[in-house]
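First comes the structure, then the notes that go with it.
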Amino acid sequence: MVKAIRFEKTGGSGVLQYVDYDLPPPTAGQVQVKHTAIGVNFIDTYHRTGLYSLPLPSGLGSEAAGIVAAVGDGVTRFKVGERVGYCSGVIGSYAEINNVPEGRLVHLPDSIDDELAAGVLLKGMTAQYLIRRIYPVKAGETIVFHAAAGGVGQIGCQWAKHLGATVIGSTTSPEKVEFAKGNGCAHVVNTKQPGWERQVRELTGGVGVPVVYDSIGKDTFMAGLDCLQPRGIMVTYGNASGPVDAFSPAILAAKGSLFVTRPVLGHYTSTPSEMQATADDLFAVIASGAIRVAINQRFALKDAAKAHDALTGKKTTGATILMP
């Protein structure tokens, strides 16, 4: 039996239960990981509320770091005792131990400790595919990156600045402006203030930006389109304010033959080699000192509900982790 967070129905944070769970041995192709630190991400709240549905009852969480405790038949890339991390393709990281498909695990280098790995893998690998692959950010460009004080934002903004871009970040609270600037933003707009998209236009001399990275969703999507230059790309990768409302594709033509993509990490790390390469790119830029990752909230595993309340209440900055 292991301690784990489980839920039997969707809803608020109160549906999360800290229980004893009978975890089976790893099956063929699985690796059993004893967690040392567990990542908390906004997508976990989507699973809890049912916005992204899971078969119930269910565990929760998709990111953790730890030590290989056992391996199933056919596993060749990992051995008992090795340090590993994961961040997608499996649910149940809110637990002391979890079974993970071999292809979703990555090796951790000595330069990345377990807490950092648990706090950075999902958010950092998301930042990697956003700014290195969907739209490769180039030196001299100006971009918009929403939620600049958040988990993905703190990494993506620093990384984009490191690549030579001028970053216009956003936040919804004045107290987070300086934190966003510390993450590499040259300018910070408040998306709760009407007309923030006009500020972006003014900051770019009326030209607009080639790309907007938007994890907010409903509240910022349409105004974000008005920030884009012709043939610009809207990367909408989250729903912090709710899903984007339905719209006519003709709007994209009217606003400059724009592109819209709704990506997920799993499609950009679909093979073990792609998964490890994405992680290695992240680890390298952290090791270079170009990116600093702040783990500003730590909760005990049993207090996962409090972690969710802090996250959805916009009371967090940087990364949040659970300690088993």
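Within segment 211-229, being assigned to a helix (DSSP H, G or I) and either of a type in the set (A, V, I, L, M, F, W, C) or surrounded by fewer than 18 Cβ atoms within 10 Å (Cβ to Cβ) (or both) holds for 221, 222, 223, 225.
Please work out which residue is surrounded by the most Cβ atoms within 10 Å (Cβ to Cβ), limiting yourself to segment 15-43 and to residues that are small (Gly, Ala, Ser) and under 23 Å from the mean Cα position of the chain (by Cα).
So in segment 15-43, the residues small (Gly, Ala, Ser) come out as 28-29, 37, 39.
Okay, now just the ones that are also under 23 Å from the mean Cα position of the chain (by Cα), so 37, 39.
Details: 37: 23, 39: 29.
Of everything passing the filter in segment 15-43, 39 is surrounded by the most Cβ atoms within 10 Å (Cβ to Cβ).
Reported count of residues in segment 131-180, each being within 27 Å of residue 87 (Cα to Cα) and outside any loop (DSSP other than H, G, I, E, B), is 26. Does residue 279 qualify as being under 17 Å from the mean Cα position of the chain (by Cα) and either small (Gly, Ala, Ser) or surrounded by 17 or more Cβ atoms within 10 Å (Cβ to Cβ) (or both)? Criteria met by residue 279.
Hey, does segment 200-210 have a residue that's part of a helix (DSSP H, G or I) and either closer than 20 Å to residue 311 by Cα or of a type in the set (Gly, Ala, Ser) (or both)? Step through it out loud before you land on a result.
Here is the first cut: in segment 200-210, the residues part of a helix (DSSP H, G or I) are 200-203.
Then keep just the ones that are either closer than 20 Å to residue 311 by Cα or of a type in the set (Gly, Ala, Ser) (or both); that gives none.
The answer is no; no qualifying residue exists.
Name the single residue, out of those in segment 102-120 being aliphatic (A, V, I, L, M) and outside any strand (DSSP E or B), that is farthest from residue 284 (Cα to Cα). Can you show your working first?
Our first condition is that a residue be aliphatic (A, V, I, L, M); within segment 102-120, this holds for 105-106, 108, 112, 116-118, 120.
Next, only the ones that are outside any strand (DSSP E or B) stay: 108, 112, 116-118, 120.
On the way: 108: 11, 112: 10, 116: 14, 117: 13, 118: 16, 120: 13 Å.
Per the criteria, the residue is 118.
Taking the criterion of being in contact with a strand residue (DSSP E or B) (Cβ under 7 Å, 6 or more places away or on another chain), crowded, with 23+ Cβ neighbours inside 10 Å, small (Gly, Ala, Ser) and modelled with pLDDT under 95, would at least one residue in segment 180-190 satisfy it? For segment 180-190, residues in contact with a strand residue (DSSP E or B) (Cβ under 7 Å, 6 or more places away or on another chain), crowded, with 23+ Cβ neighbours inside 10 Å, small (Gly, Ala, Ser) and modelled with pLDDT under 95: present. Residues that are surrounded by fewer than 19 Cβ atoms within 10 Å (Cβ to Cβ) and either closer than 23 Å to residue 104 by Cβ or of a type in the set (Val, Ile, Thr) (or both) within segment 294-315 comprise 295, 312, listed in sequence order.
The values are calculated or read from the model by the stated rules, or taken from the named source; none is laboratory data. Just so it is clear, the model here is predicted, and its values are computed rather than measured. Neighbour counts are summed over all protein chains in view; Cβ atoms, including those assigned to glycine, are modelled from backbone coordinates with ideal geometry.
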